[in-house]
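Peer 1: Structure incoming, see below.
Any read-out appearing in this document is the output of simple, stated calculations on the displayed coordinates, not a laboratory observation. Keep in mind that what you see is a predicted model, and the values were worked out from it rather than measured. Every residue, glycine as well, gets a Cβ built from its backbone with ideal geometry; the counts of neighbours run over all protein chains shown.
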Amino acid sequence: MTEESPSTVSLEIPSAKAKACVNCRRRKIKCDGERPKCGQCLRSSSFQDCEYADDGPTRTQILEEQIAILEARIEELEKPKELRSALVLQNPYGGERRSASLPALSRGGSPVHHLPLPHSEISSGPSSPLSGHTSSEGIPLVELEALTHNFLHHSSQFGFFLNIQNFREAAMGRSGQRPTAVLLDVVHLWAIHLSGSDEFAIHEASYLSRALGTAVDALSGSHSLNTVLHSIQAEVLLTLYFLRNTRFLEGKYHLSAAVSLVISSGLHRIRSADSYAVSGPLGLAFRSLAAPRDAIEENERINAFWTVLTLNNCWTTADGSPSNISYTVPDARIDTPWPLDINTPSFHNQILPDLSIGTVTTFLANLPDTGTSVTALHAKAAILFEQASRLASQYRPNMTHEHLNQFYTSFNSIDALIGGFKLLLPTVHSHPTREMLVIHSLANVATIQLHNPFVVDIEASRLHELAAARAVVSDLGQLPMNDLVYIDPIMGTLFMATCQVFMAELVRCRAHRPLGGPAPQEERSIMDGLETVLAAMNVFAPNCRLMDSQLNAMRKMYHAL
């Protein structure tokens, strides 16, 4: 469904009632609510920062969360090695700290509230010795190979960026260097996880234990040519394994590990036109990787970087945490060219540029580029989702005139960029794949997020949101949903955002309907859209604990209307 073209939005700022700052609230003293610094903090020599909770998570709260995560990780590392592989982490956030659960993306301009989902569940089951690469947990190798084949068939939904044919041949020992122990262990974990069989599921905990153990030791000792790349792939797969299973703290840890590996390995500077970036002082800090052996290996490295960036953008945005990647810090500038579709028959007809620089900043400046592969479009959609969500979260009704003008400029720029991006996308009808559905959904929810603070007061924003939500529903009708079985786990969060648009619209319609009167056509259409999204979630919920939790939350909200 084609959405309205982007338009410039002008906003009125309602007055905001002063509230007590964090310092005065904790000390239980009267606060005058003055900004940027209240009278009490101004007179005190003890408080350098004067922060207001209604401005979003304060710097103190963010630092407390980061400290809690690090403390949990230190505690885990201090355990004996045989206990370490269980990676049992508890929710460290108490009191006023942010919930570890993924949030519902906010509606109606209200602050982002975090949706209570199940806490991390502790791994149970016997631990296994970290030895060998054959099945020592009771699953015959021939059956494990069949399960692995099933995983590889769906692996594009779970961040698998390596060439699948080469990986399969190497894993079978038919050609190339055998995959590293950690990657084989994590792939086998996923194979069992997706088996859907109680016979194999009883072994999942022991395979998880072994995978975590080999992940800890993966980069110690001598390295093969594949060690770093395969470690990145393993961290990506572990990230999504934990997120699918609502174990968010562990997922965030492995996401951070993946980001650290791609940056420290210099994968953000592949084919950089800035020779100083690679050979200068910063270049010496990058892990030294041998030159790629062929075009496939170079493209695997490129895909590794963009897969991790996409993962980071989606999930740090979903839970409202700070991004692990910056586009504006000079030392972290992304020069790596847009990725190619490495697992398609047309791969060898695709061409990388000889040199590349400022890949993301060029895209955000709305300048032409060569990123037209499905993998590149996925990365771009994730960037737009992140940028739109973070910009919307910065809006405050009491902004100064200067800050408001800056916000308008950024708002209209990203709105135009999202609109142009959607116009150039292949339709889901012409490209009926799960990947294209995810790309369109990210782009449409980027629109929803960007306009979210203004839907109550600005009619144009409400209509933009509603059109984007209806576009998600239209795209769902282009695929045989019941045949898909698995999909990128971020779709649960995108489905929730879409549902919330329809719910808010349903409340608005009912408020204008005469008491006891029949539902008008518009209201029935909104209910149809909402129920279509819930039905899609219901397809994936039986095989994804995260989607199941999100579906239950949306059903409760719907029934409460």
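Peer 1: Which FRET efficiency value, to the nearest 0.05, do you get for GLU459 and THR427 by plugging their Cβ-Cβ distance into 1/(1 + (r/R0)^6) with R0 = 30 Å?
Peer 2: E(calc), rounded to 0.05, equals 0.60.
Peer 1: Can you give the FRET efficiency to the nearest 0.05 for GLN406 and HIS149, using r as the Cβ-Cβ distance and R₀ = 56 Å?
Peer 2: Working: r = 53 Å, r/R0 = 0.94.
So, using R0 = 56 Å, E works out to roughly 0.60.
Peer 1: Going highest first, how would you order 208-214, 452-458 by mean Cβ packing within 10 Å?
Peer 2: Descending packing order for the listed peptides: 208-214, 452-458.
Peer 1: If you take every residue apart from HIS268 with its C-beta less than 9 Å away from the C-beta of HIS268, what net charge results, scoring Lys and Arg +1 and Asp and Glu -1?
Peer 2: Summing Lys/Arg as +1 and Asp/Glu as -1 gives +1.
Peer 1: On to the next question. Calculate, in nm to one decimal, what THR344 and GLN165 gain on full extension: separation in residues at 0.36 nm each, minus their alpha carbon distance.
Peer 2: 63.4 nm is the gain from fully extending THR344 to GLN165.
Peer 1: Something else now. Treat each spin label as a single point 7 Å out from the Cα along the C-beta direction, and report the SER260 to VAL142 distance in nm.
Peer 2: Placing both labels 7 Å beyond Cα along the Cβ direction yields 4.3 nm.
Peer 1: Moving on to the next point. For GLU34 and LEU484 in the same chain, what is the full-extension length gain: residue separation times 0.36 nm, less their Cα-Cα distance, in nm?
Peer 2: Here the segment from GLU34 to LEU484 would lengthen by 156.6 nm.
Peer 1: Still on this structure, please answer the following. How many nm separate the modelled label positions at LYS556 and ARG26, each set 7 Å beyond the Cα in the direction of the Cβ?
Peer 2: The two pseudo-label positions are separated by 3.1 nm.
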